[in-house]
Amino acid sequence: MIISNNRKYYTIAVILWISALFSATFLPGTDLPEISFKLNDKLIHVIMYLVLSILFLNASWKEKFLKIPKKRIVMTVLMSVGFIAVITEIIQGFIPGRNTSLYDTIANLIGVVIGFLVFLIMRKK
C-alpha cells in the first residue's frame with residue numbers, strides 16, 4: 001500500500017491546504033498576484049480540489065473509524081469537499097474584483113471526482 005496510515009499528518013495537511021485554498025480564493029481581484037507562466041485557470045481549479053479530495057480522504061480513512069462504515073466516510077468526505085468547492089465559488093461573487101463562475105465550479109467538482117478516483121487507485125496498490 002502506497003498511502004501512509006498516519007492520519008495525523010494528513011489532517012494537518014488538510015488544514016494547511018484548505019487555509020491556502022481559502023486565502024487564494026478570497027483575495028480581492030485587485031490583490032491577485034501576476035502569474036509569469038501560462039496555465040489554464042480551470043486546470044488550477046481541478047488540481048486544487050483533486051489534492052484536497054485525496055488529502056481529506058486519507059485523513060478520514062481508517063477501518064471502521066468511529067464505527068462508521070467506509071462507504072459512509074467516503075460519501076461524507078466527497079460531499080464535504082464538493083460543498084467547499086461550490087460555496088467558495090458562490091462567496092467569490094461577493095468579493096471585490098472577483099466573480100462567481102459556473103465553469104470554475106464544474107472544474108472544482110471534476111477535481112473532487114478525479115481525486116477520489118486517484119485515491120481508489122492508490123489504495124489498491
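The values are calculated or read from the model by the stated rules, or taken from the named source; none is laboratory data. Because the structure is predicted, anything quoted here is derived from the model rather than measured. Cβ coordinates were reconstructed from backbone atoms using ideal geometry, including for glycine residues, and neighbour counts include every protein chain displayed.
Testing I73 on (1) modelled with pLDDT of 95 or more; (2) touching a helix residue (DSSP H, G or I) at 6+ places or on another chain (Cβ under 9 Å), one condition comes back false. Which one is that?
(1)
Which condition number does E89 fail, the rest of (1) of a type outside the set (A, V, I, L, M); (2) at pLDDT 90 or above; (3) touching a Ser or Thr at 6+ places or on another chain (Cβ under 6 Å); (4) exposed (fewer than 11 other Cβ atoms within 10 Å of the Cβ) being met?
Answer for E89: the failing condition is (4).
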